Amino acid sequence: MKAHFCRLIATFFVSVGFANAEAQRAAPHISFAYPAGAQRNTTVTVSVCGQNLNGVTAVCSSDPALHAKITGYSRPLTQKELSELRDEAQRLREKRAASQSAVANTEGTGGAGSPVWTAADEKREEEVRRVIIARRPNRASSPAIAETVTLEITLPPDAVPGERELRLKAPHGLSNPVTFFVGELPEFSDPVVTATSELIPGPNRRGDPRTAARPKPSAREIKLPATVNGQILPGEVDRFRFSARKGQRITIAVSARALIPYLADAVPGWFQATLALYDPKGREVAYGDDFRFNPDPVLACTIPADGDYTVEIKDSIYRGREDFVYRISIGELPFITGLFPLGSAPRTRTRVEVQGWNLPASHALMDAKEHGPDVLLLTLCGGEHASNPVPFRIEGSAARFEAEPNDDTGTAQKLTLPQMIDGRIDDLDDCDVFRFEGRKGEEIVAEVFARRLDSPLDSILEFTDAAGQSLVRNDDYEDKGSGLTTHHADSRVSLRLPADGTYFVRVTDAQHHSGQDYAYRLHIGPPRPDFELRVTPSSINARAGTHVPFTVYALRRDGFGGEIALGLHNAPPGFHLSGARIPAGQDKVRLTLFAPPLLRDDPAPLTLVGTATIGNRSVIHVAIPAEDMMQAFAYHHLVPARELLVNVSGRGGSCRLLSRTPLKIPTGGTASLKIALPPAARDRDAVLFELSEPPDGISVQKTVIRDGVAEVVFVADAAKAQAGLQGNLIATFTGERMNAGPQKKQARGQRVPLSSAPAIPFEVIAANR
């Protein structure tokens, strides 16, 4: 688990007074940061925009070397605040008019009791005017990006270029992580646009999302190499101009979706950037709206003549918003387009062939001597600059190289299973064919790893028998562990052999494309039952002395359906889990984490592991923290994060289960459970018990509370909850204090969450048991 860093500082407020009771209950949420990176050995001002950011007190970074402090906070005015400011502005205008009138009537001498317009009045009128203009409510602005926290981040000179995570900490919780890049090139940034910006036109800024469009400006001058930061607003096109010499091999690489993987309320679910390069006469030299399968475009161009060239970036259909953030790296920069092979066995050294632009060498040594199964990142340095990182898979045993010719059954390459093969589709309509001997009843699985390792190959896998009869075929196989993938182009097939004999496996490209970059790893052999784990959210917020629910997903492979026991590894004292198992055959479980009563200043890193018995061996895997992100209003993806952090703030009371578990509920019947309430429940006029996301068919029939103990009766609907159903019930207690007055018993008061109960393991049993 990587180290984390949290620096506590005083919060700086720039606001008109406002109520913050709701913000105190909701954890902060970040939508974007701008700029989304900075050059090492510099200090940069970063605007972090989101919701519930009032009261942020600390910046937490996955890199302890980054020094960050908070310098400001802003948000749009409420309608009430706007009305009060308008009233104040009207009073000031009337005072100015009265003062001018008094001066005119007395020929400049004034009179006793006449209003006097002062320098302080002048200053206040200007302040009110600017606040009304900049921070008036904006119906077009999304609440998810309405608030802004301003940071000052200092990057050390020896910072390793690459991706980091930033989170914001407030008394009411820890935010989700947002990506921030450490770069090595000089950086250029347009002024930030937020929900409270008073826009001043810059060299690229041609429109304010809250006002009419402005005339198109000229391009901004930059000097190569450079990284350019910007935001695309509705209908906007950004341009940058640089000088280049004939023969220079220029790489222009955009990061947009790489910064914000998914936008919940935009189609296709991210900023779809287009990139164009124009020569000094305005003629298009190169254009791209993606790079192979990646939505972020990359251009590589040999400069045809000396002169000034212009880079243009926009959204493909001229959408835009404050969170359409981008970074463009431009220069004679190394860029890797392909590797071969795409992986190796653990604890080996492998000579890797590298393809790309401006690379210092055609081969690299990948040292995995200290690594077990994993996916590593390979980077090459070309002169002063590092290339883009590309994945390299460490897995299994030594692989064989695909050997040409093997284009048909007559030249098929013979294999002894199980076998890993490193190959590539390098000629037009190339078809790689492999053969093996199998026995009736054997189950054989073949799986391609290509797109998941940044290869452009869109594979098709097909099994045939000796007579050429197709037995099974697959184009796309969905890997739920690939949270950043929306086109699952890798293939996977499974087949139980119908007879003894010779069988063939074919690998082709679905798009009939080919080249040295179209590499793959193919594993053929018996099933390899296994699992991976994802835990959401990656920031868990809990009150001291309480239980808090979270979710663990099991990504099962090759028929493994057994139970997975969950546990914490080297956790800080006092933390423990309830309901810590994923039942056999299930893909996820909600459970609870208990946070000890002792308050912590910094978020605590947690490592959650899952243990299962597969065959005759015990298998242990670390759960990868993730964020459950929505794409385009509908689709959910588990996007990996670097750390799993728990933030403990405030104090609460703990519930205790007084009955034995698992709770056994007969189909069509009921079962009761006793729960000791937290002390705070005694101060409430009413206490409500609710189930959170219960399994279909499980509900609460009634709750009776006496002397600080709740007896809850659960019922299982026989038509929906079948015998054998297992899992956890997540329950919460909410306190309610009735409104004062003669109608107190009938009036509903304010509800306040009291505590979550420990996860309640349950099992639905047959009615006659």
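The values are calculated or read from the model by the stated rules, or taken from the named source; none is laboratory data. All of these numbers come straight from a predicted model, not from anything done at the bench. Heads up, the Cβs are rebuilt from the backbone with ideal geometry, glycines too, and the neighbour counts pull from every protein chain shown. Accessible surface is based on the protein model in full, side chains and every heavy atom, while ligands, DNA and RNA are left aside. Shrake-Rupley method; radii C 1.70, N 1.55, O 1.52, S 1.80 Å.
Cβ-Cβ contacts under 6 Å between residues 6 or more apart (or on different chains), taken from a first residue in region 232-257 that is at positive phi to a second residue that is loosely packed, with under 15 Cβ neighbours inside 10 Å, are listed as Gly235/Tyr318. Picking from residues in region 190-231 that are of a type in the set (S, T, N, Q), at pLDDT 90 or above and farther than 25 Å from Val131 by Cα, the one that is surrounded by the fewest Cβ atoms within 10 Å (Cβ to Cβ) is Asn229.
Scan region 627-649 and give yes if some residue there is on the phi > 0 side of the Ramachandran plot, open to solvent by 40 Å² or more (accessible area, probe 1.4 Å) and touching a strand residue (DSSP E or B) at 6+ places or on another chain (Cβ under 9 Å), otherwise no.
no
Of the residues making up region 261-294, those that are assigned to a loop (DSSP other than H, G, I, E, B), surrounded by 22 or more Cβ atoms within 10 Å (Cβ to Cβ) and hydrophobic (A, V, I, L, M, F, W, C) are Leu263, Phe271. Annotation note: of Gly525, Gly559, the sole residue that is out of contact with any helix residue (DSSP H, G or I) (no Cβ under 8 Å at 6 or more places or on another chain), open to solvent by 40 Å² or more (accessible area, probe 1.4 Å) and over 30 Å from His29 (Cα atoms) is Gly559.
Return the residue satisfying two criteria in turn: it lies in region 52-67 and is open to solvent by less than 40 Å² (accessible area, probe 1.4 Å) and more than 21 Å from the chain's Cα centre (by Cα), and of such residues it is nearest to Val193 (Cα to Cα).
Looking at residues that are open to solvent by less than 40 Å² (accessible area, probe 1.4 Å) and more than 21 Å from the chain's Cα centre (by Cα), I get Asn54.
When Ser470, Ser514 are screened for being in contact (Cβ under 8 Å) with a residue 40 or more places away in the chain, of a type in the set (Gly, Ala, Ser) and open to solvent by 10 Å² or more (accessible area, probe 1.4 Å), only Ser514 passes. If you filter region 588-626 down to residues that are in contact (Cβ under 8 Å) with a residue 40 or more places away in the chain and of a type in the set (S, T, N, Q), you find that the one that is most open to solvent (accessible area, probe 1.4 Å) is Thr613. Of everything in region 579-590 that is over 24 Å from the mean Cα position of the chain (by Cα) and assigned to a loop (DSSP other than H, G, I, E, B), the residue that is farthest from Arg600 (Cα to Cα) is Gly585.
Among the conditions (1) at negative phi; (2) under 30 Å from the mean Cα position of the chain (by Cα); (3) surrounded by 12 or more Cβ atoms within 10 Å (Cβ to Cβ), the only one that Gly396 does not satisfy is (1). Within region 310-357, the set of residues being open to solvent by 10 Å² or more (accessible area, probe 1.4 Å) and closer than 17 Å to Gly183 by Cβ comprises Arg327, Ser329, Glu332, Leu333, Phe335.
Selection over region 698-726 of residues that are touching a residue at least 40 places away in the same chain (Cβ under 8 Å) and among the acidic types (Asp, Glu) gives a count of 1.
Quick check: anything in region 149-157 at pLDDT below 95 and assigned to a loop (DSSP other than H, G, I, E, B)? Scanning region 149-157 turns up no residue that is at pLDDT below 95 and assigned to a loop (DSSP other than H, G, I, E, B).
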